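Novice: Attaching a single structure in structure tokens format; questions to follow.
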Amino acid sequence: RRAYRGKEKKDIERFRLVGIYNEDEDKYHLYVTNISPELLEPEEVARLYGARWEIEILFKELKSRYALDMVPTSNPQVIEAMIWIAILTLIICRKIYKVLRAINPEVKMARFTTLRWSNIFTENASSLLASVL
């Protein structure tokens, strides 16, 4: 590390580069981690990062599609109700997405992602609800 206020630290960080071959995409996925090989095998690192990515997508979707990034109140009961409404809407959105994916397995995933579907779903949620009712 470079010197700061005349002092240079000598700490060392070790990282591990994990490469997993993805047969579907015919390429390697690379992960950088500080988790030792004794704790996690390469396949476990890939699954862990995959799960983390899913969580990041869920948070992004809740914030951007369901407007949880800017809540217009400080009332705890209203905030809790908005969070529950967003989560329930997200669950319904994902369930419909899974049904559509099962009906249309030939559609390429790149064109029909969960984020794109959530955008379509939220734009049409009120008319979908009216049709269902």
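Novice: So between Ile12 and Thr113, what do we pick up on full extension, going 0.36 nm a residue minus the alpha carbon distance?
Specialist: 32.3 nm
Novice: Tell me the angle of helix 42-64 to the major Cα principal axis of the chain, expressed in degrees between 0 and 90 and rounded to the nearest ten.
Specialist: Compared with the principal axis, the helix lies near 50 degrees.
Novice: If DNA, RNA and ligands are ignored and the probe is 1.4 Å, what is the ranking of Tyr28, Tyr97 by accessible area, most exposed first?
Specialist: Correct descending sequence by accessible area is Tyr28, Tyr97.
Novice: Compute the accessible area per residue over the chain, keeping the other protein chains in place, probe 1.4 Å, unit Å².
Specialist: Values: 11150 Å² over 133 residues.
Using a 1.4 Å probe on heavy atoms only, each residue of the chain averages 84 Å².
Novice: I would also like to ask the following. What does the charge dipole of the chain about its Cα centre add up to, to the nearest 20 debye, if the Cβ of each Lys and Arg holds +1 and the Cβ of each Asp and Glu holds -1? Please list the in-between numbers first.
Specialist: Numbers: 21 positive and 18 negative charges, 120 e Å.
Value, rounded to 20: 580 debye.
Novice: In whole percent, and with a 1.4 Å probe on the protein chains, what portion of the accessible area of the chain is carbon and sulfur?
Specialist: Carbon plus sulfur share of accessible area: 59 percent.
Novice: Moving on to the next point. Set the Förster radius R0 to 35 Å, insert the Cβ-Cβ distance between Glu23 and Ile87 as r into 1/(1 + (r/R0)^6), and round the FRET efficiency to 0.05.
Specialist: 0.55
Novice: Tilt of helix 114-132 relative to the longest C-alpha principal axis of the chain, in degrees (0 to 90, nearest 10)?
Specialist: Taking Cα atoms only, the helix is inclined about 20 degrees.
Novice: Hey, if you put +1 on the Cβ of every Lys and Arg and -1 on every Asp and Glu Cβ in the chain, which of Val45, Ala67, Tyr21 ends up farthest toward the positive end of that dipole?
Specialist: Ala67
Novice: For the chain, what class follows from the C-alpha gyration tensor (a ≥ b ≥ c being the square roots of its eigenvalues): rounded when a/c is under 1.5, otherwise prolate if a/b is larger than b/c, else oblate?
Specialist: Numbers: a/c = 3.14, a/b = 1.50, b/c = 2.10.
Oblate.
The values are calculated or read from the model by the stated rules, or taken from the named source; none is laboratory data. The structure presented is a predicted model; accordingly, all values stated were derived computationally and were not measured. Please note: Cβ atoms are built from the backbone with ideal geometry, for glycine as well, and neighbour counts cover all protein chains shown. All accessible areas refer to the heavy atoms of the entire protein, side chains included, with ligands and DNA or RNA removed. Shrake-Rupley method; radii C 1.70, N 1.55, O 1.52, S 1.80 Å.
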